[in-house]
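The values are calculated or read from the model by the stated rules, or taken from the named source; none is laboratory data. What you see is a predicted model, and the numbers here were worked out from it, not measured in a lab. Cβ: placed from backbone, ideal geometry, glycine included. Neighbour counts: every protein chain shown.
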Amino acid sequence: MQFSLKTDYALRMLMALAATDAILSVDWMAEHYGISRNHLAKVAQQLNSAGYVTTTRGRSGGMRLSRPAPDINVGRLVRDFERLDGFVGCMGADGRCTINGVCGLKPALAGALEAFLAHLDGFSLADIASQRSSIWQRLEDSAA
């Protein structure tokens, strides 16, 4: 399984925010991660809409976590950002396959996906960003 860039960027943005108490702008993250500002702006908007971050407009604006890092579940974020029903064609809402219902692929993949998500449910943002100072240092060094 491979995450979409949207989920990848959401996780990276949240880890940067978990590594500091400062308000970070999309421009700051784009510069320090080396990622397109436009892509990050779209992800920031979705993070805000989903309640993961709080945004502030204006010259000193940016974003910060809307709740403590231990309260942000990685599995939930993946569910919010990924389209998991399209893992394979037959799993989608309008998935059609000649052998649908008589093959074992769909239940096998559904079980694997659930196990994957259940594993991620065991991690919070605080867990994956536990080395706060090291994360922050690497981000700071990346702009030099």
request  = Could you list all residues from the stretch 25-48 that are part of a helix (DSSP H, G or I), surrounded by 11 or more Cβ atoms within 10 Å (Cβ to Cβ) and free of Cβ contacts under 8 Å to residues at least 12 places away in the same chain?
outcome  = ASP27, ALA30, ARG37, GLN45
task = For the stretch 74-109, enumerate the residues that are out of contact with any Asp or Glu (no Cβ under 6 Å at 6 or more places or on another chain) and at pLDDT below 80.
result = ASP85, GLY86, PHE87, VAL88, GLY89, CYS90, ALA93, ASP94, GLY95, ARG96, ASN100, GLY101
request  = Evaluate the stretch 17-24: report whether one residue or more is assigned to a helix (DSSP H, G or I) and surrounded by fewer than 19 Cβ atoms within 10 Å (Cβ to Cβ).
outcome  = no
key: Test: residue in the stretch 100-108 that is among the hydrophobic types (A, V, I, L, M, F, W, C) and touching a helix residue (DSSP H, G or I) at 6+ places or on another chain (Cβ under 6 Å)   = no
